[in-house]
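The block underneath contains the structure these notes are about, expressed in structure tokens.
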Amino acid sequence: MADNVWGAPSPRANLGETDLAPNMGSFGTTKLKEALPINGSVHAEKKAETPAGWVRPTAYDYTAYGKDSGHEWEGNARVYEWNGENGDIGPEVPALEVELFGEPDKRGNQGLDFSAIAQIELTQEGPVRVQPIADFNDAGLHPAMLKNVQLAGYRTPTPIQRYCLPAIHFGYDVIGIAQTGSGKTAAYLIPILNKLMGKAKKLAAPRPNPATFQEGVDQRVRAEPLVVVVCPTRELAVQIFNEARKFCYRTMLRPCVVYGGGTMRDQEDQLQKGCDLLVATPGRLLHFMNKPSVLTLRRVRYMVIDEADEMLMDDWKEELNLILSGGEQEESNINYMLFSATFPKVARDLAKSHLAETHVRLRVGRAGSTHANIKQQIIYVDPSLKKQALLDLIKSLPPTRTIIFVNSKRAAEEVDDFLYNEGMPCVSMHSDRNQREREAAMRGFRSGQWPILITTGVTARGIDVRNVMHVINYELPSIDHGGIEEYTHRIGRTGRIGHRGLASSFYSDRDEPIASVLTRTLMETNQEIPDFLQRYVPEGMTADNLKFETDSDFEEGATGGDNEGDGANTDNCAGNDCGGWGAADENTAAGNDTGTWGVNTAPAVW
């Protein structure tokens, strides 16, 4: 088996000559070149020539975006605006259609490999079972919504979409435990918006007609959204908002987004033009909830909590409970959707407090797992040689959009300056950058101006950029700060729905605490195990019977306290003695009460 080694080999590994993964090239023994000192405001002066095939790097002035002028907030992105007198569906707007969905000849996902995703096991675990759809044409979508789905490039529903669409259509609350890159954003946006189409005049609050609205003349309104989506990060909020802009096209439903770091005035202006679907981070949402003249949740019909485990780990439980139960809305009129990468006890408690007992619970793959569309390779690198190893790794591949993850803000700036000094077109982003800087960096990364993004884990869950072909873990996440879940979210920035991607991770002896679960994660999708990780391969175990600590998150009826020991989440409670979270009744088998959702062409377990 090949050894992915750069620099001094691990003293615990009996390694021969360096032999990197196929097609990755050799890093050789070039002496490390030190980066220029960081000046904290602009890229250091570039000294090296840009390698062939890469765009010429442009200096990024990290102070230029601290000014109010010259910046357009992501929350002010253009949305479809209709003349309220025209009926329930507005006319097509070709220019906006191109802005939202891209040029016609570049739309769609033809040629993508869905085989790995289609084979992902999906298990229905809740008290209610639904019959999945096989095709978007079978989903009972309004013709305008079906057209939006097609314009967005969706051809074949992913497993979670096959089950979420009918579950939401029939009015069930939903818990979705879905791995990254599984298509869950569309899984809830499409059916929720489809249910509200044609009902906006009846359900929505009055709002000014955008066709005749005059700033400073017409009276503003209070935002009274029908749908609220709560997520943990600014970047993820913007990402969901951009998806909502697509699916709200030509409908009577107006999307808005509010998030920390953005200007209050602009966000308030957008809300007071009318808001039917609101995407928000918790802190900023609570701020506007405390301004009843600007926002009220009394009309909310759908409440979605996305990446719930991330928010609960950040001790936002109290804020989430205020959002879920705050305001004037009647909970009996609300459908709740909770999506999470894992489902620990704190998430189960939240679900028990707000979701109906007759909910649909879906698990896509193993909690925290990834899929085989991502090729993972682990490379042993001596810590003192990491920068040169990184440069050689990037140069060994054809130029491609790349995300490099580090564990600290200083490391992000050091790697950024080093690569720019070596002629690479790069930009960095971390939590100390203000929101203008972060949005400008993301725009440059998406556009290809800076096709290499160096970032901390702050964006591990918020980036969904087309054609990210390579993710590099310059530093693996520590076991105490995210661990294998953070690793999975990071590498999930590539290999998005149907695409293939490469994830390379630098490993050294200091990463030993994560070695065991990292090895099992590689085994799960039949990745190559390098020699220096062979000692962590469990004896007698195969990819079919691997054990992971988070597996106990899904024990039927598990709602009891957590025992300490070995880092595993082991629960004391099982069966039907746990408040209605026991095993599903056999009489609610898949396919019952499925209405007109067509032929059941897929089993409950894939």
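We did not get these values from a lab; they are worked out from the coordinates using the rules stated. None of these values were measured; they are calculated from a predicted model. With ideal geometry, Cβ positions are generated from the backbone for all residues, glycine too; neighbour counts draw on all protein chains shown.
General observations
- Computed from the Cβ-Cβ distance with R0 of 56 Å, the FRET efficiency linking Asp218 to Asp432 stands at 0.90.
- Size of electric dipole in segment 189-266: Cβ of Lys, Arg +1 and of Asp, Glu -1, about Cα centre, debye, nearest 20: 340
- Euclidean distance of C-alpha centroids, segment 333-350 and segment 411-490, integer Å: 29
- Working ranking of peptides 422-433, 258-269 by packing, defined as the average number of other Cβ atoms within 10 Å per residue, highest first, is 422-433, 258-269.
- Label-to-label distance for Asn467 and Asn333 is 4.7 nm, based on points extended 7 Å past Cα in the beta-carbon direction.
- With a threshold of 26 Å on the Cα-Cα distance, the over-threshold entries among Lys195/Lys345; Lys201/Lys246; Lys202/Lys246; Lys147/Lys201; Lys195/Lys273; Lys246/Lys345 are Lys195/Lys345; Lys246/Lys345.
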